[in-house]
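Everything on this sheet refers to the single structure shown next.
Just so it is clear, none of the values below were taken in a lab; they were calculated from the coordinates. Here the structure is a predicted model, which means the values were calculated and not measured. Cβ placement follows ideal geometry from the backbone for every residue including glycine, while neighbour counts extend to all protein chains displayed.
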Amino acid sequence: MTSIGRVTGDREVVVPLLVHAENGADRQVDALLDTGFNGYLALPAHVIESLELHRLGREQVTLASGKTHLVGKYEATLGFGGTVHSVEGVEAGEPLIGMSLRWE
């Protein structure tokens, strides 16, 4: 079994992703594996802007606290685990990968 990522001192799983930019300036992003997140990818607004990701609209998300927020939804292509994935991502405070990406 191949190991992807690392476990931090805080017992968080961090996974390296290569996010392909629309402008050709691909970016390496270390994302936390969030087992409570059932989406694919979440990125901060400044990362989304720098990658010039294609906006798909907005999506309502429910946080662990139970609060709901309306956030931007984007199309992203990323390299992960030796394969390339086209996924929908949402705007968030920190880079996260969700269980949908791990389920593929």
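Tabulated data for the structure shown
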| read-out | value |
| --- | --- |
| Qualifying trypsin sites (Lys or Arg not before Pro) for segment 1-43 [loop in DSSP, other Cβ within 10 Å: at most 13] | 11 |
| In nm, spacing of pseudo-spin labels at residue 38 and residue 23 (7 Å Cα→C-beta vector) | 3.6 nm |
| Distance (nanometres) between label positions extended 7 Å along Cα→Cβ at residue 99 and residue 7 | 1.9 nm |
| Pairs of Cα atoms farther than 22 Å apart, the chain, % | 26 percent |
| Percent breakdown of C-alpha pair distances by 10 Å bin, ordered from the shortest bin, for segment 55-100 | 23, 54, 20, 3 |
| Stretchable slack from residue 30 to residue 69, in nm (0.36 nm times residue separation minus alpha-carbon distance) | 11.7 nm |
| Restricting segment 40-104 to trypsin sites (Lys or Arg not before Pro) in coil, as DSSP defines it, with at most 13 other Cβ within 10 Å | 67 |
